[in-house]
Amino acid sequence: MKKVLILIMFFSVLSYSAGLKSGLYITDEPQFDSLMINYNSYGDLKVFKDGKTVFLSVKLWRDTGNWKAGNTGLYLLELQDQGDGTYYGKNNLAEFYIKSLDSDSNEIVIDVISMDMYSKISDSRIIMSDRETFITEKNINIVLRYSRGITNAEEKEVKDRIETFRKQLESKRDNKS
């Protein structure tokens with residue numbers, strides 16, 4: 001009996017994957033800034049089977065009454081385990097930390113240091129104008145909750161979405177300079 005328990009424990013340790021729980025994490029509802037009226041954010045995080053590779057999709061919206069702005073960001077990167085349930089991710093488009101808040105509810109928070117984003121601004125006054133720009137967002141926090149597992153098809157879709165997003169950002173950066 002002891003040999004069976006030892007074998008079970010041994011294989012459990014071998015099968016343990018360091019990193020976040022694989023699956024889709026989502027925001028349950030918009031998260032507002034301190035003004036509570038003009039800024040909200042949505043996000044989802046896909047953690048792949050290795051528990052280290054992640055795909056983060058973020059949308060930030062502002063509405064002042066005079067104009068609306070929607071910022072979008074898509075990021076694929078590998079996380080580094082910092083210990084204590086904290087992970088760090090950085091590439092040429094984004095830098096952020098992911099922290100586990102509560103293992104029972106599977107909540108995590110993303111603390112954004114900076115993110116390059118694609119922005120669309122609409123002027124809602126009498127003369128309508130749309131503008132697309134490249135911007136960098138800083139110091140954003142997004143709370144996400146585990147929703148479900150992800151499929152192999154979702155992992156494949158990520159690469160196409162990332163390539164399209166990179167091309168949009170490069171185009172906007174080139175136009176800005």
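Per-residue surface analysis assigns Asp116 an accessible area of about 20 Å², computed on protein heavy atoms at 1.4 Å probe radius.
Counting only protein chain heavy atoms and rolling a 1.4 Å probe, the accessible areas of Thr86, Thr64 rank, largest first, as Thr64, Thr86.
Give me the percent of the accessible area of the stretch 35-147 that comes from carbon and sulfur atoms, probe 1.4 Å, all protein chains in place. Here carbon and sulfur together make up 48 percent of the probe-accessible area. The mean accessible area for residues of the stretch 35-147, using a 1.4 Å probe and ignoring ligands and nucleic acids, is 52 Å² per residue. Among Asp111, Asp81, the order of accessible area from largest down is Asp81, Asp111, computed with a 1.4 Å probe on protein heavy atoms.
Around the Cα centre of the stretch 35-147, unit charges on the Cβ atoms of Lys, Arg, Asp and Glu (plus for the first two, minus for the last two) sum to a dipole of about 380 debye.
Heavy-atom accessible area for Trp61, with the other protein chains in place and a 1.4 Å probe, reaches approximately 120 Å².
Tell me, how many Å apart are the Cα centres for the stretch 144-160 and for the stretch 66-105? Between the Cα centre of the stretch 144-160 and that of the stretch 66-105, the gap is 16 Å. For the set Phe96, Phe134, the ranking by accessible area, highest first and with no ligand, DNA or RNA atoms included, is Phe134, Phe96 under a 1.4 Å probe.
Pairs from the list Lys99/Lys156; Lys68/Lys138; Lys21/Lys156; Lys99/Lys172; Lys68/Lys156 with a Cα-Cα gap above 29 Å: Lys99/Lys172; Lys68/Lys156.
The values are calculated or read from the model by the stated rules, or taken from the named source; none is laboratory data. Model, not experiment: these values are computed from the prediction. Neighbour counts run over all protein chains shown; Cβ positions are idealised from the backbone, glycine included. Protein only, heavy atoms only, side chains kept; ligands, DNA and RNA dropped before computing areas. Shrake-Rupley method; radii C 1.70, N 1.55, O 1.52, S 1.80 Å.
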